[in-house]
Amino acid sequence: MSNYIIETKEITKYYDDFRAVNGVNLKVPKNSAYGILGPNGAGKSTLISMLCTIFSPTKGTAIVNGYDIVKESHNVRKSVGIVFQNRALDDVLTGREHLEMHAALYGVKKDVRQDRIDDILELIDLGDKIDEKVKNYSGGMKRKLEIGRGLIHHPKVLFLDEPTLGLDVPTRENIWSYIKNLRNNIDITILLTTHYLEEADSLCDEIAIIDHGEIVKTGSPSNLKDGLKIDTIILKSLKNNQLKDILQNQSFVNELNYDGSEIRLSVDKGAKLIPEIVHIAEINDITIESMELKQPSLEEVFIKYTGYKIDR
Amino acid sequence: MGELESIYQIWLREVRRTVRHKSRIITAVITPLIWILIFGVGLGSSINMGITGGYQAFIYPGIIAQSILFVTISGGIGLLIDKQYGILKELMVAPLSRPSIIFGKALGISTSAIIQSGILLLLSFIVNVPMNIITFILSICLCMLISMGLSSLGLLMASLMESTEGFNLIMTFVVMPMFLLSGALFPVTGLPDWLNFIVYLDPLTYGVDGLRGILLGSSTLPLHLNLIVLTLFMIVTISLSAIAFTKKEENLV
């Protein structure tokens, strides 16, 4: 068995002449949380739709849980759970009825169905609301129900397509902690698409940045940020001019700016340099008043690789 | 086994929806009664067709067939509402075959139609049509056949449509002609040739004639012929809708 639960091979989808996804090669490690980050219309949903066999690729294919998405779609479907970007709930059914129906459709045997539902209920914590019609649910509750539903047949992979789109900030954080909690409790790979950078940063072990249907960069959030080499150190001391002159000659400084009150250094790995800078100041008998390290955000990573801000 | 369970689940959802939309059942029963009581009495008292039991009794089987027609076609179009609410996507990614989805929905819609026909059949005393357990069961069986064929026709049309926008077109160009041509409101004997031809192209004609035979004991065609035509119609529409639905799947999500 491969260590990757999902491997795409030059997967491509055209809509007439429009290339929604263009020759994507992705490897998603087992039991990881993998984020596909990109602006609206970058091809995220199309990619996920192909991986969960809703759309068939124009070219290329992918292996999900050891099954080919084109030739063995039935087995792929059994292996994955999906939470769509748009709601997929029936207003007049109760939460419990949704769970029961889903379990049955995915072949969960009748005698274990109740136990599975009880397990999920513990996880999604909807309380008595579970026996009410879904039309009485809030946006966050609906989302939780959908995520719970996607888990009831014990999938190996859970696809979350923009899981917190359209939710307010507290609800979004609630869903995040729910997803994190999920990962601590069960062995599952989560593949999520998002255009919220904080979401990718907070939830994902690895990220692929997608733009115009192509992967432009992959890596862990921290690696991606380190790769930018644009940590900034902001310094203040009583002898600013003297300190500036000393630092100007250090090899680790990529760029130095001084505005009369603050020295701004552009460096590769700021955290590691702080002791060194303190040491240099000490041997030159300069007291540092304040020092601040600014690391690049995922936003800056995104801008570097795509050339624009994500929330344009 | 798995597919049967899936069909049952899709049927169950359909039935739950019907039962919970109380207003739908009420309209589905009241509308035919309005036809029978107002149209039936109104037209019946001004014409004399020489029909035994009077005009009201004559249109009673036709109105039952009409109510089935309306409920099943709009139920079939309901597939597009499932699409709108994303439920269809949930079904499409589940490990079950496309024909099972169609079959489960057709059964569910037909069940709603049967419940409603059952209520109408129990109200036969209003039009002085005698009812016993055998005619009741026979009528229900025939209604089942009609419902399965028509709900599949609705599902077939929904599979070929993009959105519910075309619903009015279907009401005007499919449902109304099917109803009016079926002989629900007038006897189909002694019509001009061109009209006679179209009347027998309408599958509902055989349903109305069959019901009339069972309930009033007077029919134009023998019952077995009606049954054969309706069964063929059902087989063709179920197959076509399953094929169209499978082929058009990418349009439907």
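The values are calculated or read from the model by the stated rules, or taken from the named source; none is laboratory data. Computed from a predicted model, the values in this text were never measured in an experiment. Cβ coordinates were reconstructed from backbone atoms using ideal geometry, including for glycine residues, and neighbour counts include every protein chain displayed. The area values use the complete protein model at the heavy-atom level, side chains included, leaving out ligands, DNA and RNA. Shrake-Rupley method; radii C 1.70, N 1.55, O 1.52, S 1.80 Å.
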Problem - Reach of residue A:304 by Cα under 15 Å, taken over aspartates and glutamates that are not fewer than 8 positions away in the same chain - result: A:211, A:226, A:231
Completion exercise
Amide H neighbours of residue A:211 at under 5 Å, excluding residues fewer than 5 places away on the same chain, with H built from the backbone geometry, are A:216
Practice task
Return the sequence-ordered ³J(HN,Hα) values of segment B:82-93 in whole Hz as given by the Karplus equation 6.51 cos²θ - 1.76 cosθ + 1.60 applied to θ = phi - 60°, using x for Gly and Pro.
Solution key: 4, 5, 4, 8, x, 4, 4, 4, 4, 6, 5, 8
Completion exercise
Highest GNM mean-square fluctuation among B:121, B:33, B:91, for chain B with Cα springs under 10 Å, belongs to B:91
Problem - Violating pairs (Cα-Cα greater than 23 angstrom) within the set A:27/A:225; A:142/A:217; A:44/A:156; A:109/A:135 - result: A:142/A:217; A:109/A:135
Handout entry: Amide H partners (placed H, <5 Å) of residue A:62, local residues excluded
Key = A:9, A:69, A:70
Completion exercise
Within the under-10-Å Cβ sphere about residue B:85, not counting residue B:85, Lys/Arg +1 and Asp/Glu -1 give a net charge of -1
Completion exercise
segment A:229-295: relative contact order from alpha carbon pairs under 8 Å, six or more residues apart, as a whole percent, is 51 percent
Practice task
Return the subset of B:83/B:247; A:78/A:129; A:269/A:294; B:105/B:247; A:133/B:247 for which the Cα-Cα distance in this structure is over 22 Å, preserving the input order.
Solution key: A:78/A:129; A:133/B:247
Exercise for the section: On a 0 to 90° scale, report how tilted helix A:139-151 is relative to the longest principal axis of chain A, with both axes built from alpha carbons and the result rounded to the nearest 10. Expected result: 70 degrees
Fill in the blank from the handout: In whole Hz, the Karplus estimates of ³J(HN,Hα) for segment A:119-127 (6.51, -1.76, 1.60; θ = phi - 60°; x where Gly or Pro) are 4, 5, 4, 4, 6, 8, 6, 9, x
Practice task
Taking 7 Å along the Cα-to-C-beta vector as the label spot, tell me the residue B:97-residue A:242 distance in nanometres, rounded to one decimal.
Solution key: 8.8 nm
Completion exercise
Given backbone amide H placed at 1.01 Å from N, residues whose amide H is under 5 Å from that of residue A:190, ignoring those fewer than 5 places away on the same chain, are A:32, A:33, A:34, A:158
Practice task
Run through all the Cα pairs of segment B:119-242 and give the fraction in each 5 Å bin from 0, expressed as whole percent.
Solution key: 2, 10, 18, 21, 20, 15, 9, 4, 1, 0
Completion exercise
A student applying the Cα gyration tensor rule (rounded when a/c is under 1.5; otherwise prolate if a/b is larger than b/c, oblate if not) would label chain A prolate
Exercise for the section: For segment A:172-177, just list the computed ³J(HN,Hα) in residue order, Karplus coefficients 6.51, -1.76 and 1.60, θ = phi - 60°, integers in Hz, with x standing in for Gly and Pro. Expected result: 4, 5, 4, 5, 4, 5
Exercise for the section: Any aspartates and glutamates with Cα under 14 Å of the residue B:89 Cα? List them, leaving off those in the same chain fewer than 8 positions away. Expected result: A:90, A:146, A:161, B:249, B:250
Exercise for the section: Work out the FRET efficiency for residue B:43 and residue A:18 from their Cβ-Cβ distance, taking R0 = 60 Å, and round it to the nearest 0.05. Expected result: 0.55
Practice task
Just check the protein assembly as shown against the gyration tensor rule for me: Cα atoms, a ≥ b ≥ c as the square roots of the eigenvalues, rounded for a/c under 1.5, and otherwise prolate or oblate depending on whether a/b exceeds b/c.
Solution key: prolate
Fill in the blank from the handout: With every protein chain kept in place and a 1.4 Å probe, the protein assembly as shown has an accessible area per residue in Å² of 45 Å²
Completion exercise
With -39,500 (n - 2.57) per DSSP H segment of 4 or more residues and division by the full residue count of chain B, the 222 nm estimate, nearest 500 deg cm²/dmol, is -24000 deg cm²/dmol
Practice task
Report the one residue of B:243, B:130, A:177 whose Cα lies farthest in the direction of the positive end of the charge dipole of the protein assembly as shown (charges on C-beta: Lys and Arg +1, Asp and Glu -1; origin at the Cα centre).
Solution key: B:130
Practice task
Would you work out if segment A:39-121 is rounded, prolate or oblate? Take a ≥ b ≥ c from the square roots of the eigenvalues of the alpha-carbon gyration tensor; rounded if a/c is under 1.5, else prolate when a/b is larger than b/c, oblate otherwise.
Solution key: oblate
Practice task
Keeping the other protein chains in place, figure out the carbon and sulfur percent of the accessible area of chain B, with a 1.4 Å probe.
Solution key: 72 percent
